[in-house]
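Here the structure is laid out as structure tokens; the discussion comes afterwards.
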Amino acid sequence: MKRIFSALLALAIALSLAAAVAPVRAAGGKLVAITFDDGPGPYTNRLLDGLAQRGVKATFFMVGSNVARYPDTVARMYREGHQLANHSYDHSDFTGLSDSGVRSQISKTNDLLSKAAGKGSVYMVRAPYGSTNARVRSLVGAPLVYWSVDPQDWKYRNATTVKNAVVNNAHDGAIILLHDIHSTSVDGALAAIDVLQDKGYEFVTVAELFRRRGVTPENGESYSRCKPNGTDLGPVTSPSISSRAVDGKLEITLTAQPGAEIYYSLEDGNLNQESKRYTGPFTVSTPCTVWAVAAFNMNGSRSATVQETFTKPTAQAPTIQVTDGLLTLQTETTGANIYYTLDGTVAGLDSAVYTGPVALTPGTVITACAGGGEYLTSSQVQAVYSHLGNFFRDVFPGQWYYPDVDAAAAAGYMNGVGDGVFSPNKPVTRGQLVTLLYRFSGADPAAFGESPVADVKPTAYYAEAVAWAYAAGIVNGYENGKFLPDRPISRQELCKVFSAYLSSLGVEIAAAPGAADKYTDCGSISPWALPYVEAMTGLGLVQGDTTGVFRPAGTATRAQAAAMLNRLAALLESQDGLEPAEPEPTEPEPVQPTAPESTSTISN
């Protein structure tokens, strides 16, 4: 039975949660948390059966002495995803207890709950009778949760009365108070749930109600509801389980939504706070079963448990190689078949089986996987034999830079970084840029001496190019006498270098004042760079992205460099017969392994 003090209830309502986080997505449906006090008892398992049939998660504020009497019921609550919470050990009024007495009531019950939820779990508290004060709030060490809907089921002991009271007073963000120690309360609660679900209400735990609305309850604070605030972070989705064969074992990878932790087991599905936490791929021997759950809080804010049984290893993904238009496929998994397609569609067990080299026509996208027999199907791998006869693993038709990269590679200006990898979104360094222009120019390496800067070693791949660029006046380094070959070059610096290259060829570059005004970030272009950006824009060598942004200080990428080289070639062909010399075959250009990946879609 509850002694509800009007002043206390007014205080609880006044402390109800407010919006604290900007919406992540449009608000979802109506959320409500249904809670049960004083149990578990003889009717709780019947209640759990009904909640399971309806897909409802509840919060149980339990009395420790009853937790000790019904440990299997508490374990079932936790296993089925309900939230366990603390309602004292013997339903004593906290305001009449000493400090040590309050702490004992909380700690004894927490210890009993942790036998199901695991050590380290966090339990919200509801003080018996709703009776609390500042001293009690400072002692409980947890948020205090009260209610905004009270059908007084302990008083009326009538299922229909309970149902009607819940239905008539329910509201979005409500916390409903009921007692699972009364049979009539169980019947009334389930009947009310049926009606409210038909009205579009979604039942969640108290922890989920707070999380879904982007609010973090604080220890010692009192809450009675969580009003709609325009935020709904959505439910916790179950993690995905994937695998691949590694050195005769199966490597397991678990993936969950951002911010959620993953708990897993290879023994059984009874996951709790003490279960293993996923930190990265791990290997197992088959056969085995993996159980996993994603959680923001294992006690009341977690997904359904997923499991997957592996009875055989996954085949190693095949490698694709194309030489002179001839396709070869290989896998390191002995006995596995290789399946492939030549139209860009997903490969699978119903695709063509590789039996030997296949002649390709330019413009073919190859997709392959390995598997069959005693092996699970591997991941997909893909490559392209391009329209101009190049082999790429990371450049495909449909990407904005595909024609430019294909043309630059076919012309010999850019040769990728080895084994079919072009790295289109990797930054271009200063050393790489002068190497590309040097190759583009077809200059005689014997005509230049050693590099005039100390930070360019004679053995560096870019040494001849730097010497050429200094001799031609294309670059002049920094005031400290260094060239800094490994430093990524910005887009506005790129314009200056290309302008200097054209001047070294005797191409007259007309000033184009105002040409950069079309860029929405024109004001961010450095004053020293503005004439070069305008000139290169006027010549059509740079264009900005599809939204009109230039990003002058942004790192230039290899794909953008390829586009500029192709435009430069076209420009030179129109300048009185000036054309780039035919490049000599060269080694792949090194790419700095630590350079950050760019996601820019700028088309130059």
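The values are calculated or read from the model by the stated rules, or taken from the named source; none is laboratory data. Since we're looking at a predicted model, the values are computed, not measured. Cβ atoms come from the backbone with ideal geometry, glycine included; neighbour counts cover every protein chain shown. For the accessible areas, the whole protein counts, side chains as well, though only heavy atoms, and no ligand, DNA or RNA atoms are used. Shrake-Rupley method; radii C 1.70, N 1.55, O 1.52, S 1.80 Å.
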Does Tyr263 count as free of Cβ contacts under 8 Å to residues at least 40 places away in the same chain, of a type in the set (Ser, Thr, Tyr) and crowded, with 20+ Cβ neighbours inside 10 Å?
yes
Looking at the stretch 269-278, which of its residues are in contact with a strand residue (DSSP E or B) (Cβ under 7 Å, 6 or more places away or on another chain) and either in a strand (DSSP E or B) or closer than 13 Å to Ala295 by Cβ (or both)?
Leu271, Ser275, Lys276, Arg277, Tyr278
Only residues that are of a type in the set (Gly, Ala, Ser), surrounded by fewer than 20 Cβ atoms within 10 Å (Cβ to Cβ) and part of a helix (DSSP H, G or I): list them for the stretch 520-542, please.
Gly523, Ser524, Gly538
Might you check whether a residue that is modelled with pLDDT of 95 or more, outside any strand (DSSP E or B) and among the polar types (S, T, N, Q) occurs anywhere in the stretch 280-298?
no
Tell me the residue from Asp545, Asp517, Asp486 that is open to solvent by 60 Å² or more (accessible area, probe 1.4 Å) and under 33 Å from the mean Cα position of the chain (by Cα), please.
Asp486
Kindly list the number of the only condition in (1) open to solvent by less than 70 Å² (accessible area, probe 1.4 Å); (2) at pLDDT below 95 that fails for Arg25.
(1)
Which one of Thr283, Thr328, Thr341, Thr305 is in contact (Cβ under 8 Å) with a residue 12 or more places away in the chain and either within 30 Å of Met77 (Cα to Cα) or touching a His at 6+ places or on another chain (Cβ under 8 Å) (or both)?
Thr305
Flagged in the stretch 101-122 as open to solvent by less than 10 Å² (accessible area, probe 1.4 Å) and either modelled with pLDDT under 95 or part of a loop (DSSP other than H, G, I, E, B) (or both), in numbering order, are Gly118
Residue ID - surrounded by the fewest Cβ atoms within 10 Å (Cβ to Cβ), chosen from residues in the stretch 44-64 that are farther than 19 Å from Ala85 by Cβ and not small (Gly, Ala, Ser):
Gln53
Taking the stretch 266-317 and keeping only residues that are over 28 Å from Gly373 (Cβ atoms), open to solvent by 70 Å² or more (accessible area, probe 1.4 Å), more than 22 Å from the chain's Cα centre (by Cα) and not charged (D, E, K, R), one is left with Asn270
Can you tell me how many residues within the stretch 419-461 are of a type outside the set (A, V, I, L, M, F, W, C), under 24 Å from Asn390 (Cα atoms) and part of a loop (DSSP other than H, G, I, E, B)?
8
